[in-house]
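J.: Take a look at this one; I'll ask things after.
The values are calculated or read from the model by the stated rules, or taken from the named source; none is laboratory data. Keep in mind it's a predicted model, so treat the numbers as computed, not measured. Because the Cβ atoms are built from the backbone with ideal geometry, glycine has one as well, and the counts that use them run over all protein chains shown. Ligands, DNA and RNA are stripped out before the accessible areas are found, and what is left, the full protein with its side chains, is counted by its heavy atoms. Shrake-Rupley method; radii C 1.70, N 1.55, O 1.52, S 1.80 Å.
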Amino acid sequence: AMQVSVSALQQQVSSSQAEIERLRADLMRTREQAVRCALTGVLNRRGFDDQLNSMLASSPASGAEHCVVLIDIDHFKRVNDTLGHLVGDRVIAGIGEVLRSLPAEPGMALARYGGEEFAILLPSSSRQRATQVAESVRSRVGHIALRNKQTQQVRLQITVSAGVAAWRPGDDAQTLLAAADGALYRAKTGGRDRVTVS
C-alpha cells in the first residue's frame, strides 16, 4: 500500500513539474509577445525602450560607442493614400524582413520605433559601423518596388532615410534619440533616400 502511495505521489509530482514547465514556457512566450511587433517580427517601442535603457546602463567598450540608427520610410503617406493601408502594412512588414536579414552584430537590437519609423541599437560599436548598417538597410530597401499585378509595371519605389547618432558621456536616452532624430530630419530635408550622421 505504501509503495502504491509513493508511486502515486511521484506521478503527481511529475505531473505538477510538467505543468509548471508548460506555464513557464507560456509566460516566456507572453513576455516575448509583449515586446514584439506582430507585423514586423522586430521589437516594438516598449521592447526598444527596454533595450535602449539596458544599453545605456553600461559603458561602451574601450574605444567604442553606443550607437542608434533611426530609419523612416520616405513618402509613406503616399503609399497609404494611393494604394491603401493593406499595402502600407505589407511595406512595413517588408522593412521588418530587411532588418531581420541584417548580419547579426553583438547586442544589436532591431525595432519598429513607431508608425513607419524603425530603429537599430548597436552597443559598443562605432559611428562608422552604424553608418554602414544604415546604408545596408537603405540599399536593400531600395530594391523594394510595388508593381501592378497585371502589367508588372512599377507603381511605387520604396526608399528610406536614416539618421545615425552615437552616445556621448552625459547623454541620456532622450538626448541620444534627439541627435539621431535630428540627423534623420537632415536626411529627409536633404533629399531623402540617404543616411546622415549626427
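J.: Kindly indicate whether Gly170 is at pLDDT below 95 and under 16 Å from the mean Cα position of the chain (by Cα). Steps first, please.
T.: Numbers: at pLDDT below 95: yes; under 16 Å from the mean Cα position of the chain (by Cα): no.
No.
J.: Please determine, by comparing only the residues of the stretch 151-189 that are within 19 Å of Arg127 (Cβ to Cβ), part of a helix (DSSP H, G or I) and not small (Gly, Ala, Ser), which one is most open to solvent (accessible area, probe 1.4 Å).
T.: Tyr185
J.: For Arg192, work out the one condition from (1) basic (Lys, Arg); (2) surrounded by fewer than 22 Cβ atoms within 10 Å (Cβ to Cβ); (3) outside any loop (DSSP other than H, G, I, E, B) it doesn't fulfil.
T.: (3)
Residues checked against (1) open to solvent by less than 30 Å² (accessible area, probe 1.4 Å); (2) more than 22 Å from Gly191 (Cα to Cα):
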residue: Asp81; (1), (2): no, no
residue: Pro106; (1), (2): no, yes
residue: Ala109; (1), (2): yes, yes
residue: Arg112; (1), (2): no, yes
residue: Thr131; (1), (2): no, no
residue: Ser139; (1), (2): no, no
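J.: May I pose another question? Working only within the stretch 41-63, note down all residues that are surrounded by 15 or more Cβ atoms within 10 Å (Cβ to Cβ), part of a loop (DSSP other than H, G, I, E, B) and of a type in the set (A, V, I, L, M, F, W, C).
T.: Val42 - this is the single residue of the stretch 41-63 that is surrounded by 15 or more Cβ atoms within 10 Å (Cβ to Cβ), part of a loop (DSSP other than H, G, I, E, B) and of a type in the set (A, V, I, L, M, F, W, C).
Table: residues versus (1) among the hydroxyl-bearing types (Ser, Thr, Tyr); (2) at pLDDT 95 or above.
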site	(1), (2)
Ala25	no, no
Ser62	yes, no
Lys77	no, no
Ile120	no, yes
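J.: Which residues, taken from the stretch 115-171, are closer than 13 Å to Val98 by Cβ and of a type in the set (Val, Ile, Thr)?
T.: Of the residues in the stretch 115-171, the ones closer than 13 Å to Val98 by Cβ are 118, 120, 133-144, 158-160, 162.
Hits for the stretch 115-171 are Ile120, Val133, Val137, Val141, Ile144, Ile158, Thr159, Val160.
J.: Is it true that Thr151 is β-branched (Val, Ile, Thr) and more than 20 Å from the chain's Cα centre (by Cα)? Can you show your working first?
T.: Numbers: β-branched (Val, Ile, Thr): yes; more than 20 Å from the chain's Cα centre (by Cα): yes.
When the stated conditions are applied, Thr151 passes them.
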